[in-house]
1. Any idea which residue in region 194-233 is nearest to residue 152 (Cα to Cα), counting only those that are within 18 Å of the chain's Cα centre (by Cα) and part of a helix (DSSP H, G or I)?
2. For residue 151, work out the one condition from (1) in contact (Cβ under 8 Å) with a residue 24 or more places away in the chain; (2) within 24 Å of residue 37 (Cβ to Cβ); (3) out of contact with any helix residue (DSSP H, G or I) (no Cβ under 7 Å at 6 or more places or on another chain) it doesn't fulfil.
3. Within the set of pairs 6+ apart or on separate chains, which have a first residue in region 161-182 that is part of a loop (DSSP other than H, G, I, E, B), a second that is surrounded by fewer than 19 Cβ atoms within 10 Å (Cβ to Cβ) and at pLDDT below 90, and C-beta atoms under 7 Å apart?
4. Within region 14-29, identify whether any single residue is buried (at least 17 other Cβ atoms within 10 Å of the Cβ), modelled with pLDDT of 85 or more, in a loop (DSSP other than H, G, I, E, B) and under 18 Å from the mean Cα position of the chain (by Cα), and answer yes or no.
5. Any idea which residue in region 79-113 is farthest from residue 46 (Cα to Cα), counting only those that are touching a helix residue (DSSP H, G or I) at 6+ places or on another chain (Cβ under 6 Å) and in a strand (DSSP E or B)?
6. Which ones in region 205-233 are under 21 Å from residue 162 (Cα atoms) and touching a helix residue (DSSP H, G or I) at 6+ places or on another chain (Cβ under 9 Å)?
7. Would you confirm whether any residue within region 137-150 is assigned to a strand (DSSP E or B) and touching a strand residue (DSSP E or B) at 6+ places or on another chain (Cβ under 9 Å)?
8. Based on what the data block shows, is residue 148 within 22 Å of residue 220 (Cα to Cα) and over 15 Å from the mean Cα position of the chain (by Cα)?
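The values are calculated or read from the model by the stated rules, or taken from the named source; none is laboratory data. What you see is a predicted model; the values in this text were computed from it and never measured. Virtual Cβ from ideal backbone geometry, glycine too; neighbours counted across all protein chains shown.
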């Protein structure tokens, strides 16, 4: 199955990877809330003391920086398949105290030689993995690296391209971006990506998580076509 990869997205002219976080804030409804909710969930679920957290799709390191800034007992291992974003993460982390507690590798989760994690996050990443067996393997690889009962916070695009509800949410997504200062042409281009990204229905996502071994799926976020869950290994 051919699907859109992160690096295949068409960014607006003069926008670099360093600008990605700012652009994402304009597009993604409640993006700041996502990080705040995930941090609160981990604070509630993790025991006091050191915790080792797996970040799947670590991107430019923003997630690690946000989660690690006020939680000095948390350490991080991040994975991402796009080398330029990993290099950006290394640069950003090196300039902060969080960097001493973080490692980011250019690798797939399936190839990561590490396990025994107390928690994992997978934020706006799984929808780049096609549902042709790869998405199931991706989620199973996360599960196998977690301690029994450890939480996964997963936030993903959901929907079925072409369905009335999905298309309405796509149009609202575009309007939301324009209201946040994005030009209509750029907003339309981004909204078209939804048709190419490997999103699945909420029901399919939950079935895939269950088949990977996750239990007690608990919704924690919804913003248009973006949904988040806690799931437990």
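1. Step by step, filter region 194-233, then rank; the result is 209.
2. So the condition that residue 151 fails would be (3).
3. Close Cβ pairs (under 7 Å, with a partner that is surrounded by fewer than 19 Cβ atoms within 10 Å (Cβ to Cβ) and at pLDDT below 90) amount to 161/195; 180/26; 181/26; 182/26; 182/27.
4. yes
5. 106
6. Residues satisfying the conditions are 205, 223, 224, 225, 226, 227.
7. Looking only at region 137-150, we keep the residues that are assigned to a strand (DSSP E or B), and these are 146.
Retained after the next criterion (residues that are touching a strand residue (DSSP E or B) at 6+ places or on another chain (Cβ under 9 Å)): 146.
Taking every residue of region 137-150 in turn, at least one turns out to be assigned to a strand (DSSP E or B) and touching a strand residue (DSSP E or B) at 6+ places or on another chain (Cβ under 9 Å).
8. On the way: within 22 Å of residue 220 (Cα to Cα): yes; over 15 Å from the mean Cα position of the chain (by Cα): yes.
Yes, satisfied.
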